[in-house]
Amino acid sequence: MGRLLATALRGGLRVVLAAIALAGVASGASAQTLAAVKARGALVCGVNEGLPGFSYMDERGQWSGFDVDFCRAIAAAIFNDANKVRLVPLSAEARFQALKDGKIDVLSRNSTWTIGREVAYGLAFVGVTYYDGQGFMAPRAMRVSSALELDGARVCVLSGTTTIDNLADFFAANHLALQTVPVGSTDELIKAYDSGLCNVATSDLSQLYALRQRLAKPRDHVILPDVISKEPLGPVVRQNDPNWVEIVRWVHFAMLNAEELGVSQRTLGEAMRSQKPEVMRLVGTAGDFGEDLGLGDSWAANVVRTVGNYGESFDRNLGVHSALAIPRGLNQLWNNGGIQYAPPIR
C-alpha cells in the first residue's frame, strides 16, 4: 500500500511539474507580440487584397479603408504614429494560416467570427467591428426581387469562407437548385460575374456594396434584400498572447467609447482639458490604463488624433456619404438604435 501511495505521489508530482513547465512556456510566449512590434518599429497587419471601403490600394499605391484604419489605430496606440504599419494583402484561404504562422501580428480583413476558426487555428477574435450578413447581387435584367427566386442560379462565391456553406444551406433549406461557382479572390469573383460565368454573386452585404462599385455599370445590378446569415466581422490575433489580445480589443473599444463620449479628431483638444471622469480616463489624463496595457497614457487619444473614433472611420469609408453609401444600421451605437457597445474604460 505504501509503495502504491509513493508511486501515485511521484506520478502526481510529475503532472504538477509538467503543468508548471507548460505554464512557463505559455508565460514566455505571452506578451511577446508587443515587444516584437516595438523592436521591429512597425505593426504587420493582414488585410484584404482589394475591397473598396475596407481595404483598397489606389493607383498611387495608397491604402485606405475601414479595416486599414483599424490597423493604423493599433499602430497609433503603440507608436503615436499611424503610419508605422506594414499592410500584408491576404486571400481568404491564406489569412488564418498566415496569422497562426506568425507572418502577421493581427488580421484586420472582414473575417467572420466563428468557433471553428478560433479552435482550429488557435486564434482569438477580439470583438465585432462590423455586424454584417450574407446576401446576393444580381443583374437588374434578371428581374428578381428575392433570393427565393434564384432556383437554378449559377452563383459565384469565395472559396475558403463561411459564405460557401451558408449558400449551400440556404438553397437546400428552400429546395432550390444551385450551381456553385467557387472562386479564389474578389478579383476573380468580379471577373466571373462580369463575364457571365455566373449570373449571381453572393458575399457579405458590405462586400457586395464594395464589389458593385467595381463593375462597369454598377447601377445595372441590384443587391437583393434577403439576409441569410449572421456575419460578425472583426480583427483576429493569436490566443497565446493575452496582453496582445487585450491591446487590440481595447483599441476597438476605445474607438467606440470615443464616439459615444463625443471625442473626435475635431474635439480632442477640448477632451484633453475635460474634467469629466469618463473622458479623462479615455484620453489618459486620469488613471494608468495605458501602463497596464504596456502602452503610454495617451494611447487612446493618439488613436483618435490620427485615425478618429469609430463613427469617423465608418462614415469616411463606408457611410451614406461615402462611395459605398452603406447605412450604419446595426453598426450604430447602442444608444442610437444600433448594437455597437463597448465596455467602459475604468
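The values are calculated or read from the model by the stated rules, or taken from the named source; none is laboratory data. Just so we're clear, the structure is a prediction, and the values are computed from it rather than from any experiment. Using ideal geometry, Cβ is built from the backbone for each residue, glycine included, and neighbour counts are taken over all protein chains shown. Keep in mind that these areas ignore ligands, DNA and RNA; they rest on the heavy atoms of the full protein, side chains included. Shrake-Rupley method; radii C 1.70, N 1.55, O 1.52, S 1.80 Å.
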Of the residues ILE164, ILE247, ILE115, which exhibits the maximal mean-square fluctuation in a Gaussian network model of the chain defined by a 10 Å Cα contact cut-off?
ILE115
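Could you calculate, for the range 241-346, the ratio of the Cα radius of gyration to the Kirkwood radius, expressed as Rg to Rh?
On the way: Rg = 13.9 Å, Rh = 14.2 Å.
Radius of gyration relative to Kirkwood radius: 0.98.
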Using the Cα centre of the chain as the reference point, and only Cβ charges (+1 on K/R, -1 on D/E), how large is the resulting charge dipole? Debye, rounded to the nearest 20.
580 debye
From the convex hull of the Cα coordinates of the chain, what is the mean projected area in square nanometres?
23.0 nm²
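Relative to the present Cα-Cα distance, how much length would full extension add between ALA35 and LEU330 at 0.36 nm per residue of separation? Intermediate results must be reported in sequence, preceding the final value.
Details: separation 295, 0.36 × 295 = 106.20 nm, distance 3.59 nm.
Going from the current span to full extension adds 102.6 nm.
Based on the Cα atoms of the range 104-176, what semi-axes does the equivalent ellipsoid have, where each is the square root of 5 times one gyration tensor eigenvalue, given in whole Å with the largest first? Before the final figure, lay out the partial values.
Details: eigenvalues 180, 40, 22 Å².
Result for the range 104-176: semi-axes of 30, 14, 10 Å.
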Are there any helices in the chain, counted as whole DSSP H runs, that stretch 15 Å or more along their axis by Cα and score at least 1.0 on average by Kyte-Doolittle, and if so which?
2-29, 66-79
Shape call for the range 217-268 from the C-alpha gyration tensor, a ≥ b ≥ c root eigenvalues: rounded (a/c under 1.5), prolate (a/b greater than b/c) or oblate?
oblate
Could you give the dipole magnitude of the range 125-187 about its Cα centre, charging the beta-carbon of Lys and Arg +1 and that of Asp and Glu -1, in debye to the nearest 20?
220 debye
Mean Cβ neighbour count within 10 Å, used as a protection proxy, ranking 91-99, 71-79 highest first:
71-79, 91-99
Checked against the positive end of the charge dipole of the chain (+1 on Cβ of Lys and Arg, -1 on Cβ of Asp and Glu, about the Cα centre), the farthest of TYR121, ALA173, LEU148 is TYR121
Rolling a 1.4 angstrom probe over the protein heavy atoms, how many square angstrom per residue are accessible across the chain?
47 Å²
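Give me the extension gain from ALA173 to GLU59: residue separation times 0.36 nm, minus the current Cα-Cα distance, reported in nm with one decimal.
On the way: separation 114, 0.36 × 114 = 41.04 nm, distance 4.35 nm.
My answer for the length gained is 36.7 nm.
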Comparing LEU268, LEU176, LEU211, which has the greatest mean-square fluctuation in the GNM of the chain with Cα pairs linked when under 10 Å apart?
LEU176
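Decide, for the range 70-120, between rounded, prolate and oblate: order the square roots of the alpha carbon gyration tensor eigenvalues as a ≥ b ≥ c, take rounded if a/c falls under 1.5, and otherwise choose prolate if a/b is larger than b/c, else oblate. Before the final figure, lay out the partial values.
Working: a/c = 2.36, a/b = 1.97, b/c = 1.20.
It comes out prolate by the Cα gyration axes.
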For THR114, project a label point 7 Å along Cα to C-beta. Then give me every residue of the range 207-249 with its amide nitrogen under 19 Å of that point.
207-208, 227-239
Any idea how far apart ASP292 and GLU149 come out in nm if each label point goes 7 Å out from Cα toward Cβ?
5.5 nm
Would you calculate a helix-derived [θ] at 222 nm for the chain, using -39,500 (n - 2.57) for each DSSP H run of n ≥ 4 and dividing by the full residue count, to the nearest 500?
-12500 deg cm²/dmol
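Heavy atoms only, 1.4 Å probe, whole protein assembly: order TRP63, TRP334, TRP299 by accessible area, highest first.
On the way: TRP63 40, TRP334 120, TRP299 10 Å².
The residues order as TRP334, TRP63, TRP299, largest area first.
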Given the whole protein assembly as supplied and a 1.4 Å probe, what does the accessible area of LYS217 come to in Å², nearest 10?
130 Å²
Considering only protein heavy atoms and a probe of 1.4 Å, how much of the accessible area of the chain is carbon and sulfur, as a whole percent?
54 percent
Which one, PHE136, ALA76, MET57, projects farthest toward the positive side of the charge dipole computed for the chain from Cβ point charges (K/R +1, D/E -1)?
ALA76
Part-to-part distance (alpha-carbon centres) for the range 124-139 and the range 145-210, which is given in Å
15 Å
